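Trainee: Take this structure first; my questions come after.
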Amino acid sequence: VIKLTHLVGLVMPPVRGGPGGVVGCPLLGHRPGLLRRLPRKLGTGIRCDGAGGAVTQVRLSRNALTGTIPEQIGDRTELIYLDFHFNALTGPIPAWLGGLAKLSALSLYDNRLSGTVPPGLKDLPELG
């Protein structure tokens, strides 16, 4: 069992972090070998665009992840795909997800999330 907030802290350093690069991402450059130590699915579940290295996809379904959805993900303004289905996440669905203007796919089912869907999600133009 891996706590999602710990995983995100390892593989998604702050946006203002320095250059680096693994598979086109400025991620993980400060942690050599981290991808080899993570379970295969976790190590390949984050994708970046080819040009600027911005995180565009986080696909971490079916990994028995626990904890809440971390705020650091809200800093990824280029994010278009967010998939955490079939884990053991808890807490509310964060309102800041409504600020991810480019988000076109969101999958959170089969978790232990509570509360209602934040109103801002229905206003995202790409999320249909």
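Trainee: Applying the selection to the stretch 83-126, what residues are in a loop (DSSP other than H, G, I, E, B) and either closer than 19 Å to Cys48 by Cα or of a type in the set (Ser, Thr, Tyr) (or both)?
Mentor: Here is the first cut: in the stretch 83-126, the ones in a loop (DSSP other than H, G, I, E, B) are 84-87, 93-94, 100-104, 108-111, 115-118, 124-126.
Correct list: Phe84, Leu100, Ala101, Lys102, Leu103, Ser104, Tyr109, Thr116, Glu126.
Trainee: Pairs under 8 Å by beta carbon, first residue at negative phi and open to solvent by 20 Å² or more (accessible area, probe 1.4 Å) in the stretch 97-121, partner among the polar types (S, T, N, Q) and modelled with pLDDT of 95 or more, six or more apart or different chains?
Mentor: none
Trainee: Just to be sure before I move on: is Leu89 open to solvent by less than 60 Å² (accessible area, probe 1.4 Å) and at pLDDT 90 or above in the structure I sent?
Mentor: On the way: open to solvent by less than 60 Å² (accessible area, probe 1.4 Å): yes; at pLDDT 90 or above: yes.
When the stated conditions are applied, Leu89 passes them.
Trainee: Restricting the search to the stretch 68-82, which residues are open to solvent by 10 Å² or more (accessible area, probe 1.4 Å) and part of a strand (DSSP E or B)?
Mentor: Scanning the stretch 68-82 gives a single hit, Tyr81.
The values are calculated or read from the model by the stated rules, or taken from the named source; none is laboratory data. Nothing here was measured: the structure is a model prediction, and the numbers come from that model. Backbone-built Cβ (ideal geometry, glycine too); neighbour counts: all protein chains shown. Side chains are part of the model used for accessible areas, which takes the heavy atoms of the whole protein and leaves out ligands, DNA and RNA. Shrake-Rupley method; radii C 1.70, N 1.55, O 1.52, S 1.80 Å.
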